[in-house]
Amino acid sequence: MKDLGAMDAEARRAFGQRLNQLKDEVAAALDARKQELDSAALHTRLTKETLDVTLPIRPEAKGSLHPISQTIEELTAIFGIMGFEVAEGPDVEDDFHNFTALNFPPGHPAREMHDTFFLPPTEDGSRYLLRTHTSPVQIRTMMSKKPPIRVIIPGRTYRCDYDQTHTPMFHQMELLVIDKGITMAHLRGCLEEFVRTYFGVDDLTTRFRPSFFPFTEPSAEMDIGCSRKGGELKIGNYGDWLEILGCGMVHPNVLKACGLDPEEYQGFAAGLGVERIAMLKYGIPDLRTFFESDLRWLKHYGFSALDVPTVTGGLEPMKFTLSWLKDHLDTEASSPTSPPS
């Protein structure tokens, strides 16, 4: 390269081109060699740094199922026995599915009942929102499926509220039945069977009080028997009452919005808060703790992976673990008098 300055223009041009070609060849050879050395170094590292995946985990690393997941599984098990299917829908909804089709016309005062998270307007002026209830899935189900319909709808919902009994995001579960000849008697029988099975009280008393929901007519709130003596809440026939869920017959306007003839089809719907019934059953005092990601809380209120709820096997957590089951089977196998199981 130093000799280029002493050459004339023509010789410098030809010699410079040869030098540049040589530089490119040397650079390519260096890059190729560098890749070989890097690959060899990585191979050596991977060979030395091995991980024995057959080693058992440490006991303190054992995970737990969240009470919300467990409660939804319990609800699914109960209504699954009754012949219900699980339906799901999007968390981000439009105004039609979240309000209008559910008999919330524009300007209706019932819209003010919800503290809604609205998204920025689109180019055409329409606004999407985080669904304020799981009821939009009822609309989507009725518009996509012909009766008879029997579904439960678990999922997240969103409202702008935060205190001991409210959070901006929470879980609801609704049930919807659409068929010919459905009456309030079907609604009451279904819900009474549900609360008695869920709380494990066979003769749990219930009552239905008139209420108002835009999407049901008549509407009611369901109470169950309880006791509040001594500042402790107990579920059972103790003379006091506790509101547990809202329900009613599907409003004819909702059926019409979904393309169903209210003269031919009737139905009932009900909705409840998953966190609320989990708090009642498992003695959890504060709703906000469900979402604080406190491992100590989850270890206390969480469930083992074996706590699979079934109506036949029981909704309460199973009382054994894998180690208990292994020891139990080993004991049976070593006993000459024990029958095969």
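Summary table
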{"quantity": "Residue match in segment 209-230 (condition: within 26 Å of the chain's Cα centre (by Cα) and of a type in the set (Ser, Thr, Tyr))", "calculated": "yes"}
{"quantity": "Flag for Glu275 being part of a loop (DSSP other than H, G, I, E, B) and over 21 Å from His97 (Cβ atoms)", "calculated": "no"}
{"quantity": "Test: residue in segment 61-73 that is at pLDDT 90 or above, open to solvent by less than 20 Å² (accessible area, probe 1.4 Å), of a type in the set (D, E, K, R) and assigned to a helix (DSSP H, G or I)", "calculated": "no"}
{"quantity": "All positions within segment 274-289 that are closer than 29 Å to Phe212 by Cβ and open to solvent by less than 20 Å² (accessible area, probe 1.4 Å)", "calculated": "Val274, Glu275, Ile277, Ala278, Leu287"}
{"quantity": "Residue among Glu316, Glu332, Glu292 that is open to solvent by 50 Å² or more (accessible area, probe 1.4 Å) and at pLDDT 85 or above", "calculated": "Glu292"}
{"quantity": "Count of segment 212-229 residues which are closer than 19 Å to Arg276 by Cα, without any contact (Cβ under 8 Å) to a residue 40 or more places away in the chain and open to solvent by less than 20 Å² (accessible area, probe 1.4 Å)", "calculated": "6"}
{"quantity": "Tyr238 vs. criteria crowded, with 20+ Cβ neighbours inside 10 Å and of a type in the set (Phe, Trp, Tyr)", "calculated": "no"}
{"quantity": "For Leu176: the one exception among (1) assigned to a strand (DSSP E or B); (2) open to solvent by 10 Å² or more (accessible area, probe 1.4 Å); (3) closer than 26 Å to Arg209 by Cα", "calculated": "(2)"}
{"quantity": "Filter result for the condition that a residue is under 30 Å from Met1 (Cα atoms) and touching a helix residue (DSSP H, G or I) at 6+ places or on another chain (Cβ under 7 Å), over Arg33, Arg12", "calculated": "Arg12"}
{"quantity": "Long-range neighbours under 6 Å by Cβ, at least six apart or interchain, first residue open to solvent by less than 70 Å² (accessible area, probe 1.4 Å) within segment 4-16, second part of a helix (DSSP H, G or I)", "calculated": "Leu4/Arg12"}
{"quantity": "Residue check, Arg209 open to solvent by 50 Å² or more (accessible area, probe 1.4 Å) and closer than 24 Å to Thr71 by Cα", "calculated": "no"}
{"quantity": "Any hit, segment 116-129, residues being closer than 16 Å to Leu260 by Cα and at pLDDT 85 or above", "calculated": "no"}
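The values are calculated or read from the model by the stated rules, or taken from the named source; none is laboratory data. Keep in mind that this is a model prediction, so the values were computed, not measured. Methodologically, a virtual Cβ is constructed for each residue, glycine included, from the backbone with ideal geometry; neighbour enumeration extends over all protein chains shown. Quick note on the areas: whole protein, heavy atoms, side chains included, nothing else; ligands and nucleic acids left out. Shrake-Rupley method; radii C 1.70, N 1.55, O 1.52, S 1.80 Å.
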